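The values are calculated or read from the model by the stated rules, or taken from the named source; none is laboratory data. As the structure is a computational prediction, the values presented were derived from the model and not from experiment. We place every Cβ from the backbone using ideal geometry, glycine too, and count neighbours over all the protein chains shown. Note: areas computed on protein heavy atoms with side chains; ligands, DNA, RNA excluded. Shrake-Rupley method; radii C 1.70, N 1.55, O 1.52, S 1.80 Å.
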Amino acid sequence: MEASTPGVEALMQTVDGELRSIGGKVVSGERLTTADGLTLFERAPLAFVGALANLVRERKHGHTTYFNRNFHIEPTNVCVFTCAFCSYSRLYAHREEGWELSTQQMMDIVRSYDGKPVTEVHIVGGVHPKMNLNFFMDLLRQIRAHRPDLHIKGFTAVELDYMFRKAKVSVEEGMAMLKEAGLQSLPGGGAEIFHPDVRAQICADKVDADGWLHIHETAHRLSMHTNATMLYGHVETYAHRIDHMERLRQLQDRTGGFNTFIPLKFRNGDNDMSHVAEVSVSEDMRMYAIARLYLDNFPHLKAYWPMLGRQKAQLTLAFGVNDLDGTIDDSTKIYSMAGAEEQKPAMSTLELVALIKQAGRAPVERDTLYHTVHDYSDVALDTLLADPTLN
Ligand code: V47
Ligand code: SF4
């Protein structure tokens, strides 16, 4: 679909020459520099970056807005690391306050979805010293044997780095072993902010930027797709955000293995950074829009609604976002424990479809790799409301 530019051109007349030149680059498909990205963060009007991001989004995807039907397994919230922003983990020394699921309990979760049309299981949790590479290979094999059609997206680079070091295998060996056991793609967590000055303040003891990027590059070389996140809105500067996205853009140029970029808004509930105020909704929208403009080689931009809240997630669809993650089914605790509005995150397919349609977009259920499972774009909301299988 060829998106039109009249709105953008009108806005271009309202900004100064430097911003107009950046806008011109976006319209002509030229890549933005780090200095351009910084200028947009520092002083571009929100309406301007929003219109540009929407142009890029409509050129790439038209009105199509993806979601999937997924559930999470969180094996444990016991964690050897001490990220200051984390409201979810319990130190190993206090493990009686946390949870540790057995393989049996995790398989019970998988079995509870028998006969239900979910396409993905997302496995993510704390870093537990006793849940090692063999433990997770066994879990992957059991899930694969029980339900071969379920796509397994699992383990952040933080979990993988620890797992591989503990098992004394290289990243290349470890990734190949997990792939063989059934792992198909990696979620984007653990990236936070790559710059060492920020990592030293918020997550000093876990894998660094190079380690995170090496794990994702290795997965890409094994033909696995991965996502990338960025935890924004705390102690980082705009320059740190650009630095983070620049490192991702460079890796993507080399491998093309990233599917989706997911900005994650820092939530300050009940953690060691509760004194840091959360950023405004305008700042959220600016973040999404500039991510869409800067990461020109990422196919998709996702708003993770359990963290952002469903109304703000709906708004992001006008700021470059083309994916709202999934139905989730109340199977994650990371965000409710950090103070997010969604205490029991679950949306029925109908609710997600309605949310997307209300924003004037075309809802499409996808699988993890963005193949269409069901296109709802031509179905009227009234018809959907009458379909009992959608709830
Ligand atoms: O890395 C933890 C974040 C991430 C807080 O790839 C917090 O499809 C905000 O990466 N405020 C893990 N964020 C979750 C994650 C993810 C989620 C959904 C989809 C995908 C995907 C990946 O959660 C962590 C960290 O950045 N996080 N605490 C907090 N207080
Ligand atoms: Fe552990 Fe992840 Fe929480 Fe950091 S963010 S403390 S690695 S569970």
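So the values come out like this:
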quantity: Residue identified as open to solvent by 10 Å² or more (accessible area, probe 1.4 Å) and farther than 24 Å from Asn68 by Cβ among Asp205, Asp114, Asp149; calculated: Asp205
quantity: Segment 138-158, residues that are among the charged types (D, E, K, R) and touching a strand residue (DSSP E or B) at 6+ places or on another chain (Cβ under 9 Å); calculated: Arg144, Arg147, Lys153
quantity: Residues satisfying the stated conditions in segment 181-194, i.e. assigned to a loop (DSSP other than H, G, I, E, B) and either within 14 Å of ligand 1 (Cβ to nearest atom) or within 19 Å of the chain's Cα centre (by Cα) (or both); calculated: Leu183, Gln184, Pro187, Gly188, Gly189, Gly190, Ala191, Glu192, Ile193, Phe194
quantity: Identity of the residue in segment 117-126, open to solvent by 10 Å² or more (accessible area, probe 1.4 Å) and either farther than 18 Å from Gly190 by Cα or of a type in the set (Val, Ile, Thr) (or both), that ends up nearest to ligand 2 (Cβ to nearest atom); calculated: Val124
quantity: Candidates Leu101, Leu160 - the one that is in the same structural domain as Phe71 (by TED's automatic domain parsing), surrounded by 15 or more Cβ atoms within 10 Å (Cβ to Cβ), within 15 Å of ligand 2 (Cβ to nearest atom) and over 27 Å from Met230 (Cα atoms); calculated: Leu101
quantity: Some residue of segment 167-174 being among the polar types (S, T, N, Q), within 16 Å of ligand 1 (Cβ to nearest atom) and either open to solvent by 10 Å² or more (accessible area, probe 1.4 Å) or under 17 Å from Ile73 (Cα atoms) (or both); calculated: no
quantity: Hey, Phe261 under 21 Å from Ile22 (Cβ atoms) and either in the same structural domain as Leu52 (by TED's automatic domain parsing) or open to solvent by less than 10 Å² (accessible area, probe 1.4 Å) (or both) or not; calculated: yes
quantity: Per-region count, segment 86-108, residues in a loop (DSSP other than H, G, I, E, B) and among the aromatic types (Phe, Trp, Tyr); calculated: 2
quantity: Criterion (modelled with pLDDT of 90 or more and under 16 Å from the mean Cα position of the chain (by Cα)) met by exactly one of Tyr294, Tyr370; calculated: Tyr370
quantity: Subset of segment 86-128 [away from ligand 1 (no atom under 16 Å from the Cβ) and of a type in the set (Lys, Arg)]; calculated: Arg95, Arg111, Lys116
quantity: Scope segment 177-202; condition touching a helix residue (DSSP H, G or I) at 6+ places or on another chain (Cβ under 9 Å) and exposed (fewer than 15 other Cβ atoms within 10 Å of the Cβ); matching residues; calculated: Glu180, Pro196, Asp197
quantity: Residue check for Met106: in the same structural domain as Leu222 (by TED's automatic domain parsing) and crowded, with 20+ Cβ neighbours inside 10 Å; calculated: no
quantity: Members of segment 223-258 that are part of a loop (DSSP other than H, G, I, E, B), within 16 Å of ligand 2 (Cβ to nearest atom) and buried (at least 20 other Cβ atoms within 10 Å of the Cβ); calculated: Gly233, His234, Glu236
